[in-house]
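*Asks:* Attaching a single structure in structure tokens format; questions to follow.
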Amino acid sequence: MADSTTTTETATTEAGQSGGTGKKRMGVIIILVVLVVVGAFFYWRSTLVEDTDDAQINGHLIQISSRIAGQVIHVNVGENQYVSQGTVIAELDPRDFDVAVQNAQAALDSARAAAQAARVAVPITTVNTGSNLRSADADVSGAGATVQQAEQQWKAAQARVAEATANNFKAQSDLERYRPLVAKDVISKQQFDSAVAAADAAKASLADALASEQASQTAVKIAHDHEAQAQASLKYAQTGPQQVAAQNAHAQQAEAQVAEAQAQLDQAKLNLSYTKIVAPANGIITRKSLEIDQNISVGQNLLTLVSLDDLWVTANFKETQLQHIRAGQSVEIDVDATGHTYTGRVTQIGGATGSVLSLFPPENATGNYVKVVQRVPVRIDFTDLKNEDDKHLLRPGLSVEPKVRVK
């Protein structure tokens, strides 16, 4: 009986030990299976996603400056204040620019009046030149006829002179023949007196004829002078088209002066509008160096506006991670500062590594070369920043962890 009992206990003990060993094996197998599954999962996930912790948010840092020189009379913002686009940041003294606008307006009004007068003068010049041409033609024709008439009258006067000369010669000759006859009483005293009277009359007629000839000659000269004057007037009148063209050019010049005055007025109004310095975008004011009564110059930096509407992520991926990264792939962006995950999309892959783009690129011309894994900047844009960051919690410079889904 004792041997039988001992055998039974031994068998029970061996069965218990065998069962315990089987459970341990099963546990080890289960652990191995879990480890394999977890490892396979992480390996599978690593083939789907590329991530990096070398990434940050970037944005536009807008340097606000004045486009005109002036004195600050109002400052409406403070350091780290959020402003909306179009908000008046500061105001400059506008009085000088108001005067400039008034002067430019007066110059424009004057130019417009001059242009109106020049435009009106164009048709007047056209009509006058046409009328002058017709009048000059008529004057030339009349002057020519006058010359012909004067020359004919001169010829008639010359004929009368010749006739008067002949008559005078005959009368004087008769008088000389009658003198000895009257002395011898061959003829009567009365006949001699008649001869003397006839000689005097012939002499007076000759003088009158000579005077008429001289007057006719002078009239011919005057007629020629009038004809020359009429010819000159005709030549001037024939320049009518050129005069009209010159007046048109003057009118165009006046119009150009109006355009120039209008441009100066527009510039003066622009300068007046620049007395109000406004925010070009939504953002936060930083680095403010603007105070009341400060005299500022053109282009002087007054403050920095950090834009919060146009943000993106610059992620520096290892060159070994770029094999499957492409533009357009979706990205999950974890932000430490907010604890939220944002959505994005790969938009650009940098054209060179960060070391090449650095201020002092490395020189690998020596023989002591050590291969270092390089990083390439990749730009990631937020896809729905307006809704995901409606409270503007994101800031340029914040660290993020992007995860690019490559498959």
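*Asks:* Output yes when any residue across the range 349-367 is in a loop (DSSP other than H, G, I, E, B) and touching a residue at least 40 places away in the same chain (Cβ under 8 Å), and no when none is.
*Replies:* No, that holds for no residue.
*Asks:* I would also like to ask the following. Residues being surrounded by 14 or more Cβ atoms within 10 Å (Cβ to Cβ) and among the charged types (D, E, K, R): count how many of those fall in the range 322-347.
*Replies:* Residues flagged as surrounded by 14 or more Cβ atoms within 10 Å (Cβ to Cβ) and among the charged types (D, E, K, R) within the range 322-347 amount to 3.
*Asks:* It is to be established whether one or more residues within the range 139-149 are buried (at least 16 other Cβ atoms within 10 Å of the Cβ), over 54 Å from the mean Cα position of the chain (by Cα) and free of Cβ contacts under 8 Å to residues at least 60 places away in the same chain.
*Replies:* Within the range 139-149, none of the residues are buried (at least 16 other Cβ atoms within 10 Å of the Cβ), over 54 Å from the mean Cα position of the chain (by Cα) and free of Cβ contacts under 8 Å to residues at least 60 places away in the same chain.
*Asks:* Where in the range 25-121 are there strands (runs of 3 or more DSSP E), lying wholly inside it, with at least 2 residues that are in contact with a Leu (Cβ under 8 Å, 6 or more places away or on another chain) and either surrounded by fewer than 13 Cβ atoms within 10 Å (Cβ to Cβ) or of a type outside the set (Val, Ile, Thr) (or both)?
*Replies:* 55-65, 70-75
*Asks:* Based on this model, can you work out whether Ile296 counts as touching a Gly at 6+ places or on another chain (Cβ under 7 Å) and either exposed (fewer than 13 other Cβ atoms within 10 Å of the Cβ) or over 30 Å from Val72 (Cβ atoms) (or both)?
*Replies:* Taking the combined requirement at face value, the residue does not satisfy it.
*Asks:* Select from the range 186-234 the residues that are of a type in the set (Lys, Arg) and exposed (fewer than 15 other Cβ atoms within 10 Å of the Cβ) and write down the one among them that is farthest from Asn128 (Cα to Cα).
*Replies:* Residue satisfying both the conditions and the ranking: Lys189.
*Asks:* Another question, if that's okay. Looking for something among the aromatic types (Phe, Trp, Tyr), over 12 Å from Asn316 (Cβ atoms) and at pLDDT below 90 - is there at least one such residue anywhere in the range 359-366?
*Replies:* yes
The values are calculated or read from the model by the stated rules, or taken from the named source; none is laboratory data. As the structure is a computational prediction, the values presented were derived from the model and not from experiment. In this analysis, Cβ positions are derived from the backbone assuming ideal geometry, glycine residues included, and neighbour counts consider all displayed protein chains.
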